[in-house]
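Step one of this worksheet: look at the structure below.
The values are calculated or read from the model by the stated rules, or taken from the named source; none is laboratory data. Note that the structure is predicted; figures quoted are calculated from it, not measured. Backbone-built Cβ (ideal geometry, glycine too); neighbour counts: all protein chains shown. Ligands, DNA and RNA are stripped out before the accessible areas are found, and what is left, the full protein with its side chains, is counted by its heavy atoms. Shrake-Rupley method; radii C 1.70, N 1.55, O 1.52, S 1.80 Å.
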Amino acid sequence: MTKQAFESVYREIFPFWDRISEGDRAYICQNSYDITYPKGKNIHDGSECSGVILVRTGCIRLYIMSEEGRDITLYRLHKGDLCMLSASCVLDAITFDVFLDAEEDSQCCVIGGPAFAAVSQRNPDIRIFALETAVSRFSDVMWVMQQVLFMSMDQRLAIFLLDESARTGSDTIALTHEQIARYMGSAREVVSRMLKYFANEGFVEVFRGGIHILDRKRLRDLTL
């Protein structure tokens, strides 16, 4: 993308854009690049300041991982979403490691972390925006933690299936048991056992590579 193209994109998403100097706008654009991450690609492994990532197409999964290698999805980023947690050099208060993987082929704009941090030091509006963007996602994180800590597995799985159905606008969820387990921070065997129970009760139909919701009302009743 050209400088003019980046500037057009950033003017749409950054409320501070017209309040910073022309030099700072140019510096951000000069330190931006357009990249397409292939499906399955690890984008950020928590060990460096990868930069501020804007998703233009596709889907990116953000998750945390235990020392044993078990991970749990915190949330997913879709078209128009911005990730600040991949730019640890911008937000000093973020001291935990997060990981990002491309769930689909994902076209993104990336602003180099050190460049964005340098400009934010000169512009309080940018630091406020960065903090507000990061904080806005913590409601999603707390919802995940609430489910893990206080809900039964059948409740969590019912919520996941209904949320996925609402997100895609379809009663058919094209995810494997392994993928669902990874999103929920559980084991595949546990998910498979619970899906078998759901199928036996007539809530869903399970097929290779996906699940079809048959009785939305009874699934919703499980979440109460």
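Condition first: closer than 22 Å to Ser8 by Cα, of a type outside the set (Gly, Ala, Ser), buried (at least 19 other Cβ atoms within 10 Å of the Cβ) and free of Cβ contacts under 8 Å to residues at least 60 places away in the same chain. Now tell me which residues in segment 41-67 satisfy that.
Ile53, Leu54, Val55
When only residues in segment 6-61 that are among the charged types (D, E, K, R), part of a helix (DSSP H, G or I) and out of contact with any Asp or Glu (no Cβ under 8 Å at 6 or more places or on another chain) count, which is nearest to Ile72 (Cα to Cα)?
Glu12
Find all pairs meeting these conditions: Cβ atoms under 7 angstrom apart; at least six residues apart or on different chains; first residue within segment 163-183 and under 15 Å from Tyr63 (Cα atoms) and in contact (Cβ under 8 Å) with a residue 24 or more places away in the chain; second residue open to solvent by less than 20 Å² (accessible area, probe 1.4 Å) and not in a helix (DSSP H, G or I).
Arg182/Thr73; Tyr183/Thr73
Can Tyr10 be described as aromatic (Phe, Trp, Tyr), open to solvent by less than 50 Å² (accessible area, probe 1.4 Å) and in contact with a Gly (Cβ under 9 Å, 6 or more places away or on another chain)?
no
When you check Leu161 against the structure, is it within 20 Å of the chain's Cα centre (by Cα) and crowded, with 18+ Cβ neighbours inside 10 Å, yes or no?
Considered against the rule, which asks whether it is within 20 Å of the chain's Cα centre (by Cα) and crowded, with 18+ Cβ neighbours inside 10 Å, Leu161 comes out as yes.
Looking at segment 137-162 only, could you name the residues that are without any contact (Cβ under 8 Å) to a residue 60 or more places away in the chain and within 13 Å of Leu74 (Cα to Cα)?
Phe138, Ser139, Met142, Trp143, Met145, Gln146, Gln147, Phe160
Is at least one residue of segment 14-30 free of Cβ contacts under 8 Å to residues at least 12 places away in the same chain, within 22 Å of Glu132 (Cβ to Cβ), open to solvent by 80 Å² or more (accessible area, probe 1.4 Å) and of a type outside the set (D, E, K, R)?
Checked segment 14-30: no residue is free of Cβ contacts under 8 Å to residues at least 12 places away in the same chain, within 22 Å of Glu132 (Cβ to Cβ), open to solvent by 80 Å² or more (accessible area, probe 1.4 Å) and of a type outside the set (D, E, K, R).
Look at Val144 and say whether it is open to solvent by 50 Å² or more (accessible area, probe 1.4 Å), in a helix (DSSP H, G or I) and at pLDDT below 90.
no
Just the residues that are of a type in the set (A, V, I, L, M, F, W, C), touching a strand residue (DSSP E or B) at 6+ places or on another chain (Cβ under 7 Å) and not in a helix (DSSP H, G or I), please, taken from segment 209-224.
If the condition is that a residue be of a type in the set (A, V, I, L, M, F, W, C), touching a strand residue (DSSP E or B) at 6+ places or on another chain (Cβ under 7 Å) and not in a helix (DSSP H, G or I), then Ile211, Ile213, Leu214 are the ones that fit.
Which of the residues belonging to segment 176-208 are crowded, with 18+ Cβ neighbours inside 10 Å, out of contact with any strand residue (DSSP E or B) (no Cβ under 6 Å at 6 or more places or on another chain) and either part of a loop (DSSP other than H, G, I, E, B) or of a type in the set (Ser, Thr, Tyr) (or both)?
Passing the criteria: Ser186, Phe203.
Can you name every residue in segment 71-86 that is open to solvent by less than 40 Å² (accessible area, probe 1.4 Å) and either aliphatic (A, V, I, L, M) or in contact (Cβ under 8 Å) with a residue 40 or more places away in the chain (or both)?
The answer is Asp71, Ile72, Thr73, Leu74, Tyr75, Leu77, Leu82, Met84, Leu85, Ser86.
Residue-by-condition table, conditions (1) surrounded by 15 or more Cβ atoms within 10 Å (Cβ to Cβ); (2) of a type in the set (Phe, Trp, Tyr):
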residue: Gly69; (1), (2): no, no
residue: Phe99; (1), (2): yes, yes
residue: Pro114; (1), (2): no, no
residue: Ala118; (1), (2): yes, no
